[in-house]
1. Pull up region 392-407, narrow it to residues that are in a loop (DSSP other than H, G, I, E, B) and in contact with a strand residue (DSSP E or B) (Cβ under 8 Å, 6 or more places away or on another chain), then point me to the one that is surrounded by the most Cβ atoms within 10 Å (Cβ to Cβ).
2. How many residues does region 268-305 contain that are basic (Lys, Arg) and crowded, with 19+ Cβ neighbours inside 10 Å?
3. Whether any residue in region 347-366 is within 15 Å of ALA310 (Cα to Cα) and part of a strand (DSSP E or B) is what I want to check.
4. Determine whether region 388-407 contains at least one residue that is touching a residue at least 12 places away in the same chain (Cβ under 8 Å), among the basic types (Lys, Arg) and over 27 Å from LEU256 (Cα atoms).
5. In region 225-235, is there at least one residue being touching a helix residue (DSSP H, G or I) at 6+ places or on another chain (Cβ under 6 Å), part of a loop (DSSP other than H, G, I, E, B) and modelled with pLDDT of 95 or more?
6. Just to be sure before I move on: is ARG279 in a loop (DSSP other than H, G, I, E, B) and either touching a residue at least 60 places away in the same chain (Cβ under 8 Å) or under 18 Å from GLY111 (Cα atoms) (or both) in the structure I sent?
7. Looking at region 317-342 only, could you name the residues that are part of a strand (DSSP E or B), of a type in the set (A, V, I, L, M, F, W, C) and closer than 22 Å to PRO376 by Cα?
8. Right, LEU85: closer than 24 Å to ARG196 by Cβ, modelled with pLDDT of 95 or more and not in a strand (DSSP E or B) or not?
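The values are calculated or read from the model by the stated rules, or taken from the named source; none is laboratory data. As the structure is a prediction and not an experimental result, all values here were calculated from the model. Neighbour counts are summed over all protein chains in view; Cβ atoms, including those assigned to glycine, are modelled from backbone coordinates with ideal geometry.
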Amino acid sequence: MMAAAPNATLPGATLPASTLHVVGAGVAGLAAALLASRPGGRAARCVVLHEASPAAGGRARALPDGTDNGTHALLGANPAALGFLAEIGAREAWVEPEGETLPVHDLAGGGLRRVALSPAGWRDPARRPPGLGAGGLLALLRAALPGRHSTVAEAFARHPALLRHFVEPLTLAALNTAPEEAGLRRLGAVLRRMARPGGCRLYVARRGLGPDLVHPALETLARRGVVFRPGRRLRELERAGGRATALGFGGTPLPLGEADRVILALPPWEAARLLPGLRVPALHRPILNLHFEHATGAGPRFVGLLGGLAQWMLVRPGMVSVTISAATGLLAESAESLGPRIWAELREAARAAGLPGPWPEEAPPCRLVKEHRATPAHLPDQPAPPPLRPLRNLALAGDWMDPTLPATLEAAIRSGRRAVRAL
């Protein structure tokens, strides 16, 4: 991993004539620092990456024991994210767990169906999402048009089978918002990208977010001379004359020179704390993740689930992980109460999909991870993001700053790059 540099960012230290301070080492901050430090680029002479927590990654982080905080997947429709992985030398570590079809098990008695991951494969009725006839296809095409302001459920009200088997799982995965309240405009942007050649191909990290995303990103930044300062929360942002003048990490503020620049790659509530009056999303939706100990050496494998609590299961050697998006009603649950119910669903889906065992009846130990404010609530009337540059020498980044896409890894990386270019 990238080691913290000596006191290059402490008050009183000598800095180059031009410094870019990236505050927040989540995916958006990592992407901003990566672009700013690119060899031959026109960015600042020195890039300093500040992070409040002990480690990088933000909401796409590895926990201290190496477990991912949640199941993060990419599609071929995510060119910025895949390009980011290529630049840090981690692209080959993100693999396709299921090839041309995705096994989806209906826990409500519908059995298992293998759905083609490319629209071209939908010509075979056996590999087509249920409900995708001529009318359903027309509804998808209409949903992909820009400028639609209804909810997802309203747009597919006449196609309940397609909504249940395809649109709702996609909406929960991409928007983390239930179809009854999710805005169609953001889902339309996802559908337009998925229609590109290879746009539906599914990728997951072979080993996990630590070794396959965060660590190689930090190692690349270290080779480029980026200074990483973990454990430094920005407590105060001093301003004067329409520009940021100092960064307060506790103790003596760090003054900003005329040529210095700042990127705040922070969650919306942290950005609003530092910039009072900033327009940020007010409503958020949680995601729950459960990680079960699992003895199989298989993986990675990826299975969708319908009709239960769990929505996706990712199997890696020694572990099976579960994602529950838009999980507001389950926030009060504990691992002890949720674990056995979820395990019963996984056990049924694993047997239907032919995943190697053992899958005992008794639930193994599990870890429950709750992201209470995982993403903004993507509603039809979701306000536009705030100005990219609220101050002359400061730009904002974060998945919530993308004006088109929902809050995803793709949006985070796009926002980090956009902030660098704006400065």
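1. Among them, the one singled out is GLY398.
2. Qualifying residue count for the region: 2.
3. yes
4. no
5. yes
6. Against the criterion (in a loop (DSSP other than H, G, I, E, B) and either touching a residue at least 60 places away in the same chain (Cβ under 8 Å) or under 18 Å from GLY111 (Cα atoms) (or both)), ARG279 qualifies.
7. VAL322, ILE324, listed by residue number.
8. The answer is yes for LEU85.
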